[in-house]
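Let me begin by presenting the structure, written as structure tokens, before commenting on it.
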Amino acid sequence: MAVRDDAFDCVICVHVLEHIRDDRRALDEIARILRPGGTALIMVPFAPVPETREYDAPNPLIFDHVRDYSINDFRDRLGAFDVEEVTPRDLMSDEERRRCRVGDHQVVYRCRPRK
């Protein structure tokens with residue numbers, strides 16, 4: 001990114017990484033542009049697969065995603081950060097989750113760069 005180091009206090013990246021060919025480089029760039037103590041809120045859709053699966057080309061059947069993320073290994077991609085998982089259970093009651101139809105797989109990763 002054409003952005004100086006340590007430029008932002010917060011980056012929000014929701015349902016973006018599954019469209020980016022080199023997601024690990026994108027995550028490194030997010031870490032680079034965050035100020036010390038800054039936070040990135042990162043969320044990706046999870047597929048019911050045991051491990052993340054990459055595609056050779058954007059898959060038109062799943063909104064042109066270039067990969068299916070697995071909840072089992074996504075956190076491994078966040079090595080440049082100290083990570084806290086925020087789940088619907090952390091924010092909503094059982095009744096609110098049922099009423100709003102929010103599944104437990106809807107995880108937001110609160111990431112702070114290791115600098």
| task | Scan the stretch 98-114 residue by residue and report those that are surrounded by fewer than 17 Cβ atoms within 10 Å (Cβ to Cβ) and either aliphatic (A, V, I, L, M) or more than 12 Å from G79 (Cα to Cα) (or both). | result | R98, R99, C100, R101, V102, G103, D104, H105, Q106, R110
| field | Scope the stretch 62-78; condition in contact with an Asp or Glu (Cβ under 9 Å, 6 or more places away or on another chain) and under 18 Å from A40 (Cα atoms); matching residues | value | R75, R77
| message | Being part of a loop (DSSP other than H, G, I, E, B) and either touching a His at 6+ places or on another chain (Cβ under 7 Å) or over 18 Å from R53 (Cβ atoms) (or both) is the filter here; which residues of the stretch 1-15 pass it? | response | M1, A2, V3, R4, D5, D6, A7
| said: Tell me yes or no: at least one residue of the stretch 61-69 is more than 12 Å from the chain's Cα centre (by Cα), under 18 Å from M1 (Cβ atoms), surrounded by 15 or more Cβ atoms within 10 Å (Cβ to Cβ) and at pLDDT 95 or above. | reply: no
| Close pairs from the stretch 77-88: first within 14 Å of Q106 (Cα to Cα) and surrounded by fewer than 17 Cβ atoms within 10 Å (Cβ to Cβ), partner among the charged types (D, E, K, R) and modelled with pLDDT under 95, Cβ under 7 Å, at least 6 apart | T87/D104
| task | Considering only the stretch 88-107, state which residues are among the polar types (S, T, N, Q) and closer than 25 Å to E54 by Cα. | result | Q106
| task | Under 6 Å between Cβ atoms, at least 6 apart or on separate chains: pull out the pairs that start in the stretch 47-67 with a residue that is among the aliphatic types (A, V, I, L, M) and end on any residue that is outside any loop (DSSP other than H, G, I, E, B). | result | A47/D68; V49/D68; V66/Y55; V66/P58
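The values are calculated or read from the model by the stated rules, or taken from the named source; none is laboratory data. Treat the numbers as computed from the prediction; the structure is a model and nothing was measured. All Cβ positions, glycine included, derive from the backbone under ideal geometry; neighbour counts span all protein chains shown.
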